[in-house]
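Since the structure comes first, as structure tokens, the remarks are kept for the end.
The values are calculated or read from the model by the stated rules, or taken from the named source; none is laboratory data. The shown structure was predicted, so the numbers you read here are calculated from the model rather than taken from an experiment. Every residue, glycine as well, gets a Cβ built from its backbone with ideal geometry; the counts of neighbours run over all protein chains shown. All accessible areas refer to the heavy atoms of the entire protein, side chains included, with ligands and DNA or RNA removed. Shrake-Rupley method; radii C 1.70, N 1.55, O 1.52, S 1.80 Å.
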Amino acid sequence: MREGRFIGRIGRFVLPQSTWSHYEEVGAFPRGLLVVGDALCRLNPIYGQGMTLAAQQACILRDLPAGRGGAGDPLADLGQDLFRAIQPTVGGAWGISAVPDFAHPRTSGTRPPDLETDLRFGAGIQRLAARDPDVHRLLLGVRQLLLPPSVLREPTLLRAVEMETGRAGPAAGRTTRQDG
Ligand SMILES: Cc1cc2nc3c(=O)[nH]c(=O)nc-3n(C[C@H](O)[C@H](O)[C@H](O)COP(=O)(O)OP(=O)(O)OC[C@H]3O[C@@H](n4cnc5c(N)ncnc54)[C@H](O)[C@@H]3O)c2cc1C
């Protein structure tokens, strides 16, 4: 760096939005074309999930049943099969990193019907994790895509989060976004 010289002004890289393109809804997807990684779903980089999500998609593609094309064309419907298979994985990451943005009233996009519940849960578990190392470890595992989001729905944990949100009162959901 000492030897370097500026070739222009320093610029900030601003990511204005997360995007998830629902190619699974495209009826006849072109044969031989696949979309993965950021081209399919681009998440807010502050969560550091994009590379993991892209790698997970590659693994799902690799693990698609070898004989899925039957004796016919192995590329036929490959796009639709892949987009269907990766949807839960992409949806999990989206739920963690994009949905909490809706805590801000000016965020545009399709709000999930259970948004308020999600935001309250997110705020509650965040506070719980600040006190309980086991919950903190679980939450980190889910945010880093090492564990499925379903581990946060374990009944004992759900009860603890409910108690936490009850303690904090109705405004708790609005604090979710601040942890990012
Ligand atoms: C600031 C920032 C920080 C991030 N931090 C993290 C992090 O800590 N952890 C994490 O997991 N993820 C992070 N990400 C996200 C991660 O970088 C992306 O999710 C990941 O790189 C997506 O991989 P990709 O292969 O889909 O796209 P890319 O890595 O963007 O690769 C696309 C490639 O295609 C090339 N290309 C584009 N157009 C053309 C064309 N017409 N012809 C030929 N080549 C073309 C581009 O030059 C690029 O090399 C961060 C992203 C940003 C912006």
Open item on the list: Among (1) assigned to a loop (DSSP other than H, G, I, E, B); (2) within 16 Å of the ligand (Cβ to nearest atom); (3) of a type outside the set (A, V, I, L, M, F, W, C), there is one condition ASP73 misses while meeting the rest; what is its number?
Closed with: (2)
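Determine, yes or no, whether ARG120 is in a helix (DSSP H, G or I), out of contact with any Lys or Arg (no Cβ under 6 Å at 6 or more places or on another chain) and modelled with pLDDT of 95 or more.
Working: in a helix (DSSP H, G or I): yes; out of contact with any Lys or Arg (no Cβ under 6 Å at 6 or more places or on another chain): yes; modelled with pLDDT of 95 or more: no.
Criteria not met by ARG120.
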Open item on the list: Of everything in the stretch 50-60, what is more than 11 Å from THR89 (Cβ to Cβ) and open to solvent by less than 50 Å² (accessible area, probe 1.4 Å)? Give them in sequence order.
Closed with: GLY50
Task: First in the stretch 27-47 and under 17 Å from TRP94 (Cα atoms), second anywhere and near the ligand (Cβ under 7 Å from one of its atoms) and among the polar types (S, T, N, Q), Cβ under 9 Å, 6 or more apart - done: LEU43/GLN49
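Conditions (1) farther than 13 Å from ILE86 by Cα; (2) within 16 Å of the ligand (Cβ to nearest atom), marked per residue:
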{"position": "GLY4", "(1), (2)": "yes, no"}
{"position": "PRO16", "(1), (2)": "yes, yes"}
{"position": "LEU33", "(1), (2)": "yes, yes"}
{"position": "MET51", "(1), (2)": "yes, yes"}
{"position": "ALA54", "(1), (2)": "no, yes"}
{"position": "ALA66", "(1), (2)": "yes, no"}
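For the stretch 89-112, check the following and say yes or no: at least one residue is part of a loop (DSSP other than H, G, I, E, B), in contact with a Leu (Cβ under 9 Å, 6 or more places away or on another chain) and surrounded by 12 or more Cβ atoms within 10 Å (Cβ to Cβ). Let's see the steps before the verdict.
Applying the first criterion (part of a loop (DSSP other than H, G, I, E, B)) to the stretch 89-112 yields 98, 104-112.
Now narrow it down to the ones that are in contact with a Leu (Cβ under 9 Å, 6 or more places away or on another chain): 98.
So of that shortlist, the ones also surrounded by 12 or more Cβ atoms within 10 Å (Cβ to Cβ) come out as 98.
Yes: the stretch 89-112 contains one or more residues that are part of a loop (DSSP other than H, G, I, E, B), in contact with a Leu (Cβ under 9 Å, 6 or more places away or on another chain) and surrounded by 12 or more Cβ atoms within 10 Å (Cβ to Cβ).
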